Amino acid sequence: MLFEMWTSFIIYWILFTYSYANNNYNNFYKGHELIRVLPKTNEHLQLIRHFEDNYEVDRWSEILQINRDIKMSLPQNQVSKIKQLCKQYGIDVTILNNNLDELIKKSDHISKQYKKRIQRSIKDRIPHHLTDYLTYEQIVQFLNKQHNRSPSSKNFTSLFSIGNTYENRSIWTIRIGKPSARRNILMDCGIHAREFISPATCLYMIDKLIDEVNNRKVSILSIFNIYIIPLLNPDGYEYAQTERRMWRKNRSPNNNNNNYYYYNTNSNCMGVDLNRNFGYHWMENGASTNPCSETYAGPKPDSELETQSLQKFIKKSSQHWDAYLTFHSYGQYWIYPWGFALYMPDDYIELKNKAQIGSEALKRVNGTLYKIGSAANLLYESAGGSDDWAKGVGKIKYVYTVELRPSDDMNDAHAHFAFMLPSTFIEPVGQETYVGVKEFLRSLITSRRQISLSQKKP
Ligand code: 0X9
Ligand code: ZN
């Protein structure tokens, strides 16, 4: 009996560890903790800044402000030192997760179980962009397949690259629109490597829009050419998929940043946070000059190939852009500029109204709640974002950053997944986001009609 129990235990253990270990990730995050700290004085803020400069602290999106809690992850060998310093200075610390490696593997495990279950229950093969976070190569294949799906998709879509990355990957872009389409919309995904749900959502939307291409009715594609860049930071994404699941930046080296534009920032740490690199109020707030930081803004504004490619594309096409949407995760926010400071753009009421239309439509699908506001007010001040550049320099009126699921409210059942949202969520997030975006786009059509009608009045 005891023997039988032992053998079944061993078999279970082997199967369990195999299914957990059978993923692309190494054990880099073993023992990494995610903690929440609450600074209450300026001294506390100073100490937390000191952590960032002297320890391998990865701050998870919140900015430093008194009475605003900050989530950060730390490697195992630095946890006790940091906790001890917090205790000494009276900073409250809450442990949100004591082993990020477990969370990464748990998420992966849920994804795999889901895939197995769904493949068993559905006879037709389910497209793998709905069950997996695709690799860069798979994304390129997906785009080619979508473009070649039917005679109409060949006619009404085009596939091209807007430039190459440091590691020489093409930044692929697809245009979807009917010949009558005169207005243009730009969307991108995956500027931050670890936010896997973002490119997956762009792929979902591409698939659905191409379903609409055959539709004979007047669809939004008769009005708009929709350009989608599903993966703006492919180098970072590949690195996050294979080496470091929590990688955020691109992969350009910083060992020759010797231009003294801002600082001499030669370093062996790699990568620039592309969403701090755009040259509009660059480095004014919420960005770092330290190449080891996750929010390193680069040696100078617009230094990165990915940043330059997006800018050239926006500027080059002499066409007018009606809207730019950039998809991130996580938090469930539909936000508009500015991010660089707490000011509001002059037309913020219009931006807010349209965000409301989009997020309300989104909510009707699965009940998912999004908060609306300006980036700096709702999240934190941080300069160098693609959104601020698109509005401030690109002169695009309707500009949004959409932070997809999960929510960052710890009372929410899925909040703990953070960037590690299992692929089970690709479909519901895709569905609701697609509906929200379409409703937002429809509202652009009606508001333009209203303007032209009122102009026609004597
Ligand atoms: O901090 C960011 O870059 C974005 N949040 S994330 O957690 N995905 O990294 C928010 C960007 C909002 N826009 C600006 N600050 N301009
Ligand atoms: Zn992001």
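Values quoted throughout were computed directly from the atomic coordinates according to the rules given, and no laboratory measurement underlies them. This is a predicted model, so every value here is computed, not measured. Cβ atoms come from the backbone with ideal geometry, glycine included; neighbour counts cover every protein chain shown.
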- Task: For a label point 7 Å from the Cα of T242 along Cα→C-beta, name the residues of the stretch 162-189 whose backbone N is under 16 Å from it.
- Result: 165-170
- Message: Along the charge dipole of the stretch 111-226, pointing to its positive end and built from +1/-1 on Cβ of Lys, Arg, Asp and Glu, which listed residue (M205, Q119, I223) has its Cα farthest out?
- Response: Q119
- Over all pairs of distinct alpha carbons, what does the Kirkwood formula give as the hydrodynamic radius of the stretch 108-202, in Å? 15.5 Å
- What aspartates and glutamates sit close enough to K217 to cross-link, taking a C-alpha to C-alpha distance under 16 Å and skipping anything fewer than 8 places away on the same chain? none
- Message: What whole-number distance in Å separates the alpha-carbon centres of the stretch 77-92 and the stretch 306-356?
- Response: 39 Å
- Query: Reachable lysines from K112, Cα under 21 Å, same-chain residues fewer than 8 places away excluded?
  - Reply: K30, K123
- Please work out how much length the chain gains when fully extended from E167 to S180, using 0.36 nm per residue of separation minus the C-alpha to C-alpha distance, in nm with one decimal. 0.9 nm
- Cysteines of the chain without any disulfide-compatible partner (other Cys Cβ under 4.7 Å) are C86
- Query: For the peptides 283-289, 81-87, what is the packing order when you average, over each peptide's residues, the other Cβ atoms within 10 Å and list the highest mean first?
  - Reply: 283-289, 81-87
- Note on the structure: For the chain, the charge dipole (Cβ of Lys, Arg +1; Cβ of Asp, Glu -1; about the Cα centre) points to a positive end, and the Cα of S150, N255, P39 closest to that extreme belongs to S150
- Cα centroid separation - the stretch 358-397 against the stretch 197-213, whole Å: 20 Å
- Computed lengthening from T135 to R36, 0.36 nm per intervening residue step minus Cα-Cα distance: 32.5 nm
- Kirkwood Rh over alpha-carbon pairs of the chain plugged into Stokes-Einstein at 4 °C, 1.567 mPa s gives a D in µm²/s of 56 µm²/s
- Item | Estimated dipole of the stretch 31-98 in Debye, rounded to 20 [Cβ of Lys and Arg +1, of Asp and Glu -1, Cα centre] | 180 debye
- Task: Among the listed pairs K116/K145; K249/K395; K145/K315, give every one whose C-alpha distance is greater than 31 Å.
- Result: none
- To the nearest 20 debye, what charge dipole does the stretch 108-231 have about its Cα centre, counting +1 at the Cβ of each Lys and Arg and -1 at the Cβ of each Asp and Glu? 540 debye
- Query: Does a label point 7 Å from the Cα of K352, set along Cα-to-beta-carbon, have any residues of the stretch 362-396 with amide nitrogen under 20 Å, and which are they?
  - Reply: 362-363, 369-382, 388, 391-392
- the stretch 197-261: Kirkwood hydrodynamic radius (Cα pairs, Å) comes out at 15.0 Å
